[in-house]
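The values are calculated or read from the model by the stated rules, or taken from the named source; none is laboratory data. No experiment lies behind these values; they were computed from the predicted model shown. Quick reminder, even Gly has a Cβ in these numbers, built from the backbone with ideal geometry, and neighbours come from all protein chains shown.
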């Protein structure tokens, strides 16, 4: 698990785009859709929980929250996953978090395609 966790952090550093380029230690790193799906695969192998995600797009070369450009009717594209039941196993919770992340990312990408915009995602994980 430690190797996969470090693989994820290395992947973020190599492929990601920091939301705040002047703060290189920030874990708020955006990935494009393809990279994000790869990141979910890495997190799946490491059994790392995805707590949620934020959808971003570009505006004049800067990353901004998509709802600020696309409109607040798309606020549903940002998501979070809560543990449904006290009896739900950790494994099920993690698995559900990965399923929900994929579902939301693909939905956001469809909206981005329709609006002819780029789509980026910041995954919020239990790693910080």
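Within the stretch 54-73, can you find the residues that are buried (at least 19 other Cβ atoms within 10 Å of the Cβ) and farther than 11 Å from residue 121 by Cα?
Within the stretch 54-73, just 70 meets the criteria.
Select from the stretch 81-95 the residues that are closer than 19 Å to residue 8 by Cβ and surrounded by 13 or more Cβ atoms within 10 Å (Cβ to Cβ) and list them in ascending order.
81, 93, 94, 95
Out of 51, 43, 106, 37, which single residue is surrounded by 18 or more Cβ atoms within 10 Å (Cβ to Cβ) and within 23 Å of residue 17 (Cα to Cα)?
43
Scan (1) closer than 20 Å to residue 12 by Cα; (2) surrounded by 15 or more Cβ atoms within 10 Å (Cβ to Cβ); (3) touching a residue at least 40 places away in the same chain (Cβ under 8 Å) for the single condition residue 112 breaks and write down its number.
Going through the list (1) closer than 20 Å to residue 12 by Cα; (2) surrounded by 15 or more Cβ atoms within 10 Å (Cβ to Cβ); (3) touching a residue at least 40 places away in the same chain (Cβ under 8 Å), residue 112 breaks only (1).
Considering the stretch 10-19 alone, what residues qualify as being surrounded by fewer than 16 Cβ atoms within 10 Å (Cβ to Cβ) and at pLDDT below 90?
13, the sole residue that qualifies.
Check the stretch 20-33 and report whether any residue there is crowded, with 17+ Cβ neighbours inside 10 Å, over 12 Å from the mean Cα position of the chain (by Cα) and at pLDDT below 90.
No, every residue in the stretch 20-33 fails to be crowded, with 17+ Cβ neighbours inside 10 Å, over 12 Å from the mean Cα position of the chain (by Cα) and at pLDDT below 90.
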